[in-house]
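Chemist: Submitted below is the structure of interest, expressed as structure tokens.
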Amino acid sequence: MLLPRPPFDPELEMARTTLLADVPASLTPEMVPEGRIRTAKSAVPIEHLIHDRPIIVEHLQAPGLATEPAVILSVLRRPDSAPNAPIVYFTHGGGYLFGDRFSQIDLVLDWIERLGVVVVTVEYRLAPENPHPAPIEDCYAGLLWISQNAHRIGGDKDSLLVAGVSAGGGLAAGLALLARDRGGPHLTGQLLMCPMLDDRNDSLSAQQFVGVGVWDAISNATAWAALLGAECGTDSVSPYAAPARATDLSGLPSAFIDCGSTETFRDEDVDYAARLWAAGVQAELHVWPGAFHGFDTFVPNSALAVVARRAREQWLRRLIMC
């Protein structure tokens with residue numbers, strides 16, 4: 001049965017059927033190698049992204065946890081940034097299958113220029129070669145290093161927040177849970193952009209957009225299976241892998257959550273915000289009407305993308321000014 005679904009924003013729909021015509025709605029496991037090649041070819045070097053901006057980049061290495069390998073971090077900041085600047089720890093998207101630490105970095109570059117924050121982005125290992133808990137443990141190792149070396153990168157460990165997009169949004173939410181439960185670094189906020197939170201993949205929005213849009217339920221199933229293997233969909237799934245599985249959301253940092261009304265993650269993201277409120281956690285939620293997954297990366301100059309980026313920046317400004 002074909003479920004009714006809200007319409008795409010007209011401007012985004014035009015882009016989806018033209019600029020994104022070659023982007024498959026559904027990703028299956030055998031498509032991953034080709035997708036990685038395509039992603040690598042389309043990647044823009046960080047030096048090109050920041051060449052006309054007052055931003056410098058430094059590449060560092062953090063020790064892995066226990067016997068895990070070292071983790072590469074890149075620090076981006078203004079050359080004239082004040083000491084003890086707020087730190088944003090960024091985790092990229094790509095369904096745990098694609099990308100590197102500079103994927104979607106354009107979403108946060110304005111924060112460096114306009115707000116004076118230090119951004120640290122992490123190179124976490126990808127699935128299926130490195131299933132859970134490899135990605136989240138890599139990210140946590142980087143978080144510990146940042147907290148312990150904040151002064152070295154010109155940041156303030158007491159003004160440290162996590163931000164991520166898509167799978168990276170899920171990782172950021174998982175980091176907030178992990179830091180709370182391990183007594184790790186204190187986080188002042190979590191900025192979750194269209195976060196990937198629930199391996200069960202059974203929400204109404206997941207069913208509405210099968211074969212439609214960008215990153216449908218089939219793609220989602222492919223990614224979760226790669227990350228979790230046989231545990232996917234079972235009661236054994238860790239909340240650090242799929243934060244929607246967490247039964248206790250109390251004591252978490254303030255959150256910003258957004259998503260599109262025409263994307264797979266809509267309902268799980270809305271539900272996560274509602275559960276944060278129920279647990280006494282402050283959260284700001286935006287559901288952008290007619291927006292598909294990743295709209296603000298694919299069509300950054302669209303009217304809706306401009307509004308979405310501004311809302312995130314305003315939330316971040318209020319948070320760091322407190």
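The values are calculated or read from the model by the stated rules, or taken from the named source; none is laboratory data. These numbers come from a predicted model, not from an experiment. Using ideal geometry, Cβ is built from the backbone for each residue, glycine included, and neighbour counts are taken over all protein chains shown. Ligands, DNA and RNA are excluded from the accessible area calculation, which covers all protein heavy atoms including side chains. Shrake-Rupley method; radii C 1.70, N 1.55, O 1.52, S 1.80 Å.
Chemist: So the check is Cβ under 9 Å with 6+ separation or different chains; which pairs have a first residue in the stretch 35-61 that's touching a residue at least 40 places away in the same chain (Cβ under 8 Å) and a second one that's exposed (fewer than 11 other Cβ atoms within 10 Å of the Cβ) and among the charged types (D, E, K, R)?
Modeler: Taking only residues 6 or more apart or on different chains, the pairs are 54/80.
Chemist: Check residue 306 against each of (1) of a type in the set (A, V, I, L, M); (2) farther than 22 Å from residue 158 by Cα; (3) surrounded by 14 or more Cβ atoms within 10 Å (Cβ to Cβ) and name the one condition it does not meet.
Modeler: Tallying (1) of a type in the set (A, V, I, L, M); (2) farther than 22 Å from residue 158 by Cα; (3) surrounded by 14 or more Cβ atoms within 10 Å (Cβ to Cβ), residue 306 fails exactly one: (3).
Chemist: Here's something else I'd like to know. What are the residues in the stretch 1-36 that are β-branched (Val, Ile, Thr) and under 21 Å from the mean Cα position of the chain (by Cα), if any?
Modeler: Within the stretch 1-36, 23, 32 qualify.
Chemist: Among the residues of the stretch 43-66, are any over 20 Å from residue 127 (Cα atoms), in a helix (DSSP H, G or I), touching an Asp or Glu at 6+ places or on another chain (Cβ under 7 Å) and of a type in the set (A, V, I, L, M, F, W, C)?
Modeler: yes
Chemist: Quick check on residue 270: is it without any contact (Cβ under 8 Å) to a residue 24 or more places away in the chain and either out of contact with any Pro (no Cβ under 9 Å at 6 or more places or on another chain) or not in a loop (DSSP other than H, G, I, E, B) (or both)?
Modeler: Yes.
Chemist: Then there is this: Give the residue, chosen from 153, 146, 136, that is closer than 30 Å to residue 295 by Cβ, more than 13 Å from the chain's Cα centre (by Cα) and either of a type in the set (Val, Ile, Thr) or open to solvent by 20 Å² or more (accessible area, probe 1.4 Å) (or both).
Modeler: 146
Chemist: Still on this model: Checking the structure you have, find out if any residue of the stretch 167-190 is modelled with pLDDT of 95 or more, of a type in the set (Ser, Thr, Tyr) and touching a Phe, Trp or Tyr at 6+ places or on another chain (Cβ under 8 Å).
Modeler: no
Chemist: Is it true that some residue in the stretch 73-88 is within 28 Å of residue 229 (Cβ to Cβ), under 21 Å from the mean Cα position of the chain (by Cα) and modelled with pLDDT of 95 or more?
Modeler: yes
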